[in-house]
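*Asks:* Please read through the structure below; I'll follow up with questions.
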Amino acid sequence: MSLAAEVLKGDVPAAARLISLIEDGAPEAAKEMESLYPGTGKAYILGVTGAPGVGKSTLADNLIALFRRQNLTIGVIAIDPTSALTGGAILGDRVRMQRHSVDKAVFIRSLATRGWAGGLARAALGAVQVMDAMGRDIILVETVGSGQVEIDIVKAADTTLLVLAPGAGDEIQTMKAGILEAADVIAVNKADREGADRLKADLESMFAMKIRRPGDWPPPVVPTEAVNDKGTDALSAAIFSHREYLKTSGELARRRRERVKLALLESVEGLVKDTVHNLDGGGYLEKLTDALLRGQMSLSRAAREITRRMAKELEK
Ligand SMILES: Nc1nc2c(ncn2[C@@H]2O[C@H](COP(=O)(O)OP(=O)(O)OP(=O)(O)O)[C@@H](O)[C@H]2O)c(=O)[nH]1
Ligand SMILES: [Mg+2]
């Protein structure tokens, strides 16, 4: 049986193997993904983002426990764009969700940077598709909120949960505008700490000031104390009410369309880069780089040349 067929039956080892193939950029992954594709589009994708150490994993762990009590099956993708440097972070994520590791209905997978950064977003989107095709009801994607990878992941989620904490260096004024805009639900975690009330009030007045169109979704701000599992019910209620809003407003269809488009563009980018890297076993890229260094060719001419050669290669 093909890997894809096993994944569609919900097989965990097959899914893990396919995700590894995607991570490695293995050519056979593309074929498997094609067979998987019709089985995707059913899962509810929840992005969890925020600055390092605000409590994303602890909150996710609480939410998973709550979802499990509702008999929902879960996929978790923990993305760490920096772990190539700080190998410990991944282990930390694992440990914090350890209590679910014996539960077969919770499939946890960490992804780290390997090679160029674009590869990570591609692997993450691929992993989401694999877990979706496995039949997982909810897929949680945890990312550290800084940089392009996160923005791409946020675009891929149905609901984006932004986690903030008082004094974590992520006060509203210093926050990346894109991330705050993309938030559908905000958790003000570490509510046991000083400054949480203030942060919540600041966020609410900021959202109140924004001129919104009728029918817009003002992101609810929910205080949580993840270490003590406080506020989890309210947070989950806010998440599910956003899910309802998505369905009734037509926004869900719009987001899914965007996601398909993003996946297509990711795939084009990957195909182009892989093909270019493989022309003459990498020799063609080196040859043009040399020509550029010697000033024998302009960048745009080299780009056109490489694209023409690539088109010929793809015709084959
Ligand atoms: N005081 C307090 N500490 C918390 C709370 N929630 C989480 N923490 C602590 O904050 C630290 C970081 O929590 P994590 O859940 O690992 O945070 P994270 O955002 O997943 O961290 P990274 O994945 O490394 O970015 C841990 O030591 C937690 O115990 C909270 O509500 N109150
Ligand atoms: Mg974490």
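*Asks:* Percentage of Cα-Cα pair distances in region 180-268 greater than 22 Å, rounded to whole percent?
*Replies:* That fraction is 41 percent.
*Asks:* Enter the accessible area per residue of the chain (Å², integer; probe 1.4 Å; all protein chains in place).
*Replies:* The answer is 50 Å² per residue.
*Asks:* Order of 61-67, 25-31 by packing, highest average Cβ count within 10 Å first?
*Replies:* 61-67, 25-31
*Asks:* Let me ask another. Evaluate Rg over Rh across region 224-316, taking Cα atoms for both radii and Kirkwood's formula for Rh.
*Replies:* Taking Rg over the Kirkwood Rh, I get 1.35.
*Asks:* Along each of its three principal axes, how wide is the spread of alpha-carbon positions in the chain, in whole angstrom units, largest first?
*Replies:* Its Cα atoms span 61, 49, 42 Å along the three principal axes.
*Asks:* What's the carbon and sulfur percent of the chain's accessible surface, probe 1.4 angstrom, rounded to a whole number?
*Replies:* Of all accessible area on the chain, carbon and sulfur atoms account for 56 percent.
*Asks:* Of Lys9/Lys31; Lys200/Lys230; Lys155/Lys247; Lys42/Lys261; Lys31/Lys287; Lys31/Lys261, which pairs sit farther than 21 Å apart, going by alpha carbon to alpha carbon?
*Replies:* Lys31/Lys287
*Asks:* Related question: Taking only Cα atoms, what is the 0 to 90° angle, nearest 10, from helix 27-36's long axis to the longest principal axis of the chain?
*Replies:* Tilt of helix 27-36: around 50 degrees.
*Asks:* For a test of the definition: using alpha carbon positions, the gyration tensor, and the 1.5 limit on a/c, classify region 20-86 as rounded, prolate or oblate.
*Replies:* oblate
*Asks:* If packing is taken as the average number of other Cβ atoms within 10 Å across a peptide's residues, how do 241-247, 48-54, 226-232, 130-136 rank, most packed first?
*Replies:* Highest-to-lowest ranking by the protection proxy: 130-136, 48-54, 226-232, 241-247.
The values are calculated or read from the model by the stated rules, or taken from the named source; none is laboratory data. The shown structure was predicted, so the numbers you read here are calculated from the model rather than taken from an experiment. Note that we place each Cβ from the backbone using ideal geometry, even for glycine, and neighbour counts take in every protein chain shown. Note: accessible area is taken over every heavy atom of the protein model, side chains too, but ligands, DNA and RNA are not part of it. Shrake-Rupley method; radii C 1.70, N 1.55, O 1.52, S 1.80 Å.
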